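Trainee: So that we are looking at the same thing, I have put the structure below in structure tokens.
The values are calculated or read from the model by the stated rules, or taken from the named source; none is laboratory data. The structure presented is a predicted model; accordingly, all values stated were derived computationally and were not measured. Note: ideal-geometry Cβ built from the backbone for every residue, glycine included; neighbour counts use all protein chains shown. Ligands, DNA and RNA are stripped out before the accessible areas are found, and what is left, the full protein with its side chains, is counted by its heavy atoms. Shrake-Rupley method; radii C 1.70, N 1.55, O 1.52, S 1.80 Å.
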Amino acid sequence: MLFRGKMKSALLLIAIIILSACVPSEEVKEATAGNINKNAPYIWTNTQTFPVDLKYSDSFSDQEILNIKAMGAEWTIAVEEKKIFFDHTETQEKSSPTLNLDSLGDDGIFAIYKLKPWPKDLPGSALAVTQLFGRRHNIGSSNEFVRIEHADILINDNYHFFNTDTEGGEYDFKTVILHEMGHFLGLLHKTGDSIMIDSIVPGINKRSPTQIDAHDIAKKFNISLSTVLPMSRVASSAAKKTESVPLATDAGSSVRIIMELRADGECVHKENGTETQRHFLR
Ligand SMILES: [Zn+2]
């Protein structure tokens, strides 16, 4: 609680603290790491059925669970209810002391974990992390892409999130969940009118995907929407080209991708628990 008190005082003194999220860090278990295209799309393997059963830690409050479900539904509403992405049937008991980040890719359980203590492998300034496992194909070609095979969302319970507008708190839980779900589905960061922007400030809320987000996710899942993006919005969208599913021309390289939503603006990348990069984004 002392930590939270100090945290809050600091936030009050500073007019605006930029929250930054890392650019995705890729770990490629081959000598090709320097050649990867960091903007290559992430696309779920076509053997994955949706909705995925996204479980949640049993330590989430009833209100938090309601908010998780509501944000899952927002992604479905965004695509005119033509696809249900998330189902939530039960809790998942795995907690911080037993959580092994590396092994999450193999457990077959999709989950949103609420963690305290926060895993030592991850920076304490991360509000939330989405971890993707998969294979990077066609490295070096124009068809390079990452086939997602597994994903989990980790929420850092050392931060003070607010779940209702009357509750008070620093970070809007729904905003963070909606953003991380976007990563879960394969969205990268982008600028402009998007829930996937790489920085947010305390107290703000963005609780629905924007029109741009809706079209990005529809494109990714091959859903045709009845609405058309106005040209002005297309121009501001970083992903203008269509995202047809590329053909893998190779076996691909294993990747574990961590996308962090951080509270201090610093970005640290780790691969297999070893720090490989450290920088400030803004
Ligand atoms: Zn992010």
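Trainee: Only one of THR227, THR210 is more than 25 Å from ASN35 (Cα to Cα), modelled with pLDDT of 85 or more and away from the ligand (no atom under 16 Å from the Cβ); which?
Mentor: Of the residues listed, the single one that is more than 25 Å from ASN35 (Cα to Cα), modelled with pLDDT of 85 or more and away from the ligand (no atom under 16 Å from the Cβ) is THR227.
So that you can scan it fast, the table gives a plain yes or no per residue for (1) surrounded by fewer than 17 Cβ atoms within 10 Å (Cβ to Cβ); (2) more than 16 Å from the ligand (Cβ to nearest atom); (3) modelled with pLDDT of 90 or more:
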{"residue": "LEU2", "(1), (2), (3)": "yes, yes, no"}
{"residue": "LEU13", "(1), (2), (3)": "yes, yes, no"}
{"residue": "LYS29", "(1), (2), (3)": "yes, yes, no"}
{"residue": "TRP44", "(1), (2), (3)": "no, yes, yes"}
{"residue": "GLN48", "(1), (2), (3)": "yes, yes, yes"}
{"residue": "ALA70", "(1), (2), (3)": "yes, yes, yes"}
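Trainee: Going through ASP106, ASP193 one at a time, which residue ends up being surrounded by fewer than 18 Cβ atoms within 10 Å (Cβ to Cβ) and touching a helix residue (DSSP H, G or I) at 6+ places or on another chain (Cβ under 9 Å)?
Mentor: Among ASP106, ASP193, only ASP193 is surrounded by fewer than 18 Cβ atoms within 10 Å (Cβ to Cβ) and touching a helix residue (DSSP H, G or I) at 6+ places or on another chain (Cβ under 9 Å).
Trainee: So, one more: Can you tell me which residue among HIS183, HIS215 is closer than 17 Å to PRO51 by Cα and not hydroxyl-bearing (Ser, Thr, Tyr)?
Mentor: Every option except HIS183 fails the conditions.
Trainee: Working carefully through the options GLY169, GLY186, find the one that is without any contact (Cβ under 8 Å) to a residue 24 or more places away in the chain and either open to solvent by 10 Å² or more (accessible area, probe 1.4 Å) or in contact with a helix residue (DSSP H, G or I) (Cβ under 7 Å, 6 or more places away or on another chain) (or both).
Mentor: GLY169
Trainee: Looking at the structure I just gave you, is SER253 within 14 Å of the ligand (Cβ to nearest atom), open to solvent by less than 20 Å² (accessible area, probe 1.4 Å) and at pLDDT 85 or above?
Mentor: no
Trainee: Checking GLY168 against (1) more than 16 Å from the ligand (Cβ to nearest atom); (2) closer than 19 Å to ALA78 by Cβ, which test does it fail?
Mentor: Failing condition for GLY168: (2).
Trainee: Would you check if PHE162 is closer than 30 Å to GLU90 by Cβ and in contact with a helix residue (DSSP H, G or I) (Cβ under 8 Å, 6 or more places away or on another chain)?
Mentor: Here the answer is yes, as PHE162 does meet what is asked.
Trainee: Might you check whether a residue that is over 17 Å from LYS38 (Cβ atoms) and touching a Lys or Arg at 6+ places or on another chain (Cβ under 6 Å) occurs anywhere in region 134-141?
Mentor: no
Trainee: Taking the conditions exactly as written (open to solvent by less than 20 Å² (accessible area, probe 1.4 Å) and either out of contact with any strand residue (DSSP E or B) (no Cβ under 6 Å at 6 or more places or on another chain) or among the polar types (S, T, N, Q) (or both)), does GLU180 satisfy them or not?
Mentor: no
Trainee: Could you say whether any residue in region 186-206 is at pLDDT 85 or above, among the β-branched types (Val, Ile, Thr) and either more than 30 Å from SER103 (Cβ to Cβ) or in contact with a strand residue (DSSP E or B) (Cβ under 9 Å, 6 or more places away or on another chain) (or both)?
Mentor: no
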